[in-house]
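The values are calculated or read from the model by the stated rules, or taken from the named source; none is laboratory data. Since we're looking at a predicted model, the values are computed, not measured. Neighbour counts run over all protein chains shown; Cβ positions are idealised from the backbone, glycine included. Please note that ligands, DNA and RNA were not included when accessible areas were found on the heavy atoms of the full protein model with its side chains. Shrake-Rupley method; radii C 1.70, N 1.55, O 1.52, S 1.80 Å.
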Amino acid sequence: MKRIHKLPDHLVNQIAAGEVVERPASALKEMLENSLDAGASKITVDLAQGGIKLIRVTDNGGGIAADDLPLALDRHATSKIASLDDLEQVGTLGFRGEGLASVASVSRLTLTSRPHAAEHAHQIIAIDGALHPVEPAAHAPGTSVEVVDLYFNTPARRKFLKSENTEYAHCEATFERIALAHPQVEFMLRHNGKVIWRLPAQDMQARVGALLGKDFIAEAITVETAAGSMTLNGFVGSPTYSKASRDAQYFYVNGRFVRDKTAQHALRQAYRDVLHHERHPVYALFLSMDPAGVDVNVHPTKIEVRFRESQAIHQFLFHSINKALAATTAGSSSPIPAQGDINTSANVSEPQAALFPPRSPATATGGGSHTPVRPFSYQQQSMPLHVTREAIGTYDKMFGGLREEESRRLAEEAPAPASPLPAMLSPTQLQALPQASEGIPPLGFALAQLHGVYILSQCEDGLIVVDMHAAHERIVYERLKTALEADTIPMQPLLLPVSFAADRMEVATVHEHGEQMKQLGVELAPLSPTQIAVRGVPVWLQDGNPVDLARAVLKDVREFGLSQVLTERRNELLATMACHGAVRANRQLTLTEMNALLRDMENTERSNQCNHGRPTWSRLSMKDLDNLFMRGR
Ligand SMILES: Nc1ncnc2c1ncn2[C@@H]1O[C@H](COP(=O)(O)OP(=O)(O)O)[C@@H](O)[C@H]1O
Ligand SMILES: [Mg+2]
């Protein structure tokens, strides 16, 4: 029988290193966090061979007194906490006092430091856990930690290291996570002597843009919410800017990057409505809260945390993001980045002015060279090839001779004296249409329908193309949700009920739940043991196929039970219903219908993307078009 004995410190450190220093990136993390805790405003990282050969972190922080240098490398020695109270309120990134000791036990480590008040620096070297005496050294105020040959003394661990490229990738990810949360700090990263990142001190938006991409930040929705002592700041990607992997998800609690199930779940829920389940949103979010409300001491590398009130955190995150995403109404921003500056209007020239004639001669471009304002007619256009009174004016100018006769005829046809609108609109419809004087709606006015799939619309600075089915589906879906949230989806009774052959289970479901299903705007009645009649459908879905709709609803109710369908699965069901009721491709829409759809999009939450996260519209600015035709080159 073997006797029990105490392990030597060095071995204890090496065992701990297994948890704390999993790979070069984890050593880098410990070192960067120490620099930040020391209040550095500038941090430089040098790596060689993916960090396996060398990790050197140099900072201009507070430094370590010469006498304290050996302690810094000692296990359970820290300047950051002194009591259990401190631990519960911890505001620094480190506090366990084992970071440097662990790294030192599995590498050749040199720690050089000079507090700002000291005349020169001191240095201590630890090799294989053994400390050399402290000696004077040269160093600017601040600290350098140099880690060479990681795992040189623990070959078993070394075998677990991946290729240099892989280890480097992990180091860079660690660097980015930390740099993202500290924009006020200047950072530099070099690998094998080559500068990879050079980040000046900057504001949060600039830092996020630098690290996550300019196109992300251009499209991102700013989040800034508060509840009680909690605040949430940052940026979430618009649903159309999603990724196939989770890589670009940055979530921080009190400045610490964490992977947290509660947060991930809340965010997934918030995006569920606007994103296909195989796509992942991009975000950089910073949650600040009372440190007492979160336990950061549940994981050796502190990548996980435990919230005291995780339910409240979940709600706060969900509501914050859900609200931010709800603001993505069509026209509020472009789902597909416009290629140029959308406000540009410098290179208008004659032929365009002729195609889109000015409303009054006063704004005409005349010679047609450069004008500051695009002389568009922002009026509802009539049928695509139908000549409106305004267009007549152009033809008139171009060909002459039409004026008198034509304008008289058109004046008679026109429903309102000054309006070029076709007579097909009733006075109420006319009133509903925005007039040019009210400004041009973001999605402009419909011009035509393309191949029964797309709506073309002229907007302030170019052409909008709308995916008719995708857009309509989103609008219907949002309406169904709002109605059901309020109470009941309004139903349109069918003048002629439609019946369909059903199986016994379906008929039984109608017997059992038919009455409550009216809440969904669907009225079904059993006709016989094998027949069901559809008597009513939601008003917004009356153009769809009532039988398909009824079958879809029945299938869900049968599978999940009515109460589930009305609660947890509600949005899924409504999305399915919307899909059945949305305008199909190849349906001819009138211009009035198209314009109504555009206005609906502008007023519907989340209408920038369909229920599956695809964009519903795109814009070609005049500049894009000019580029297409190489105008102005
Ligand atoms: N870059 C640095 N600048 C100033 N002090 C440092 C730095 N790195 C480490 N230290 C000091 O060494 C101590 C031990 O560091 P570490 O082992 O990482 O433990 P912890 O960060 O948990 O306190 C720290 O508490 C701190 O006082
Ligand atoms: Mg530390």
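Results, tabulated for the structure shown:
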read-out	value
Per-region count, the range 183-204, residues in contact with a strand residue (DSSP E or B) (Cβ under 7 Å, 6 or more places away or on another chain) and in a strand (DSSP E or B)	11
Flag for Thr78 being under 43 Å from the mean Cα position of the chain (by Cα), more than 12 Å from ligand 1 (Cβ to nearest atom), more than 19 Å from Ala25 (Cβ to Cβ) and surrounded by 15 or more Cβ atoms within 10 Å (Cβ to Cβ)	no
Test result for Leu36, assigned to a helix (DSSP H, G or I) and either modelled with pLDDT under 95 or within 12 Å of ligand 2 (Cβ to nearest atom) (or both)	yes
Scope the range 183-192; condition free of Cβ contacts under 8 Å to residues at least 60 places away in the same chain and open to solvent by 30 Å² or more (accessible area, probe 1.4 Å); matching residues	none
Unique match (being farther than 23 Å from Phe251 by Cα and either in contact with an Asp or Glu (Cβ under 8 Å, 6 or more places away or on another chain) or of a type in the set (Gly, Ala, Ser) (or both)) among Asn153, Asn192, Asn165	Asn153
Pick from the range 14-33, criterion at pLDDT 80 or above, assigned to a helix (DSSP H, G or I) and within 14 Å of ligand 2 (Cβ to nearest atom), ranking: surrounded by the fewest Cβ atoms within 10 Å (Cβ to Cβ)	Glu33
Flag for His170 being away from ligand 2 (no atom under 16 Å from the Cβ) and over 30 Å from Met204 (Cα atoms)	no
Residue match in the range 205-223 (condition: assigned to a loop (DSSP other than H, G, I, E, B) and in contact with a Lys or Arg (Cβ under 9 Å, 6 or more places away or on another chain))	no
Complete set of residues in the range 188-238 that are within 30 Å of Lys53 (Cβ to Cβ) and among the aromatic types (Phe, Trp, Tyr)	Trp197
Considering residues of the range 240-257 that are of a type in the set (Lys, Arg) and assigned to a strand (DSSP E or B) only, the residue surrounded by the fewest Cβ atoms within 10 Å (Cβ to Cβ)	Lys243
Any chance Ala502 is closer than 18 Å to Val547 by Cβ, modelled with pLDDT under 90 and either out of contact with any strand residue (DSSP E or B) (no Cβ under 8 Å at 6 or more places or on another chain) or open to solvent by less than 70 Å² (accessible area, probe 1.4 Å) (or both)	yes
Residues located in the range 604-624, provided they are of a type in the set (D, E, K, R) and open to solvent by 50 Å² or more (accessible area, probe 1.4 Å)	Glu605, Arg614, Lys623
Some residue of the range 585-598 being without any contact (Cβ under 8 Å) to a residue 40 or more places away in the chain and on the phi > 0 side of the Ramachandran plot	no
Matching residues, the range 215-239, being buried (at least 21 other Cβ atoms within 10 Å of the Cβ) and among the hydroxyl-bearing types (Ser, Thr, Tyr)	Ser238
Complete set of residues in the range 590-633 that are in contact with a strand residue (DSSP E or B) (Cβ under 8 Å, 6 or more places away or on another chain), closer than 20 Å to Asp543 by Cα and not in a helix (DSSP H, G or I)	Cys610
Hits in the range 518-529 - residues which are over 21 Å from Val565 (Cα atoms) and not in a loop (DSSP other than H, G, I, E, B)	Leu527, Ser528
Listing of helices (runs of 4 or more DSSP H) fully contained in the range 72-182 that carry 1 or more residues being closer than 22 Å to Val305 by Cα and without any contact (Cβ under 8 Å) to a residue 24 or more places away in the chain	84-88
Residue that is nearest to ligand 1 (Cβ to nearest atom), among those in the range 100-112 that are open to solvent by less than 10 Å² (accessible area, probe 1.4 Å) and in contact with a helix residue (DSSP H, G or I) (Cβ under 7 Å, 6 or more places away or on another chain)	Ala101
From Leu7, Leu71, residue being farther than 25 Å from Ala179 by Cα, near ligand 1 (Cβ under 8 Å from one of its atoms) and open to solvent by 30 Å² or more (accessible area, probe 1.4 Å)	Leu71
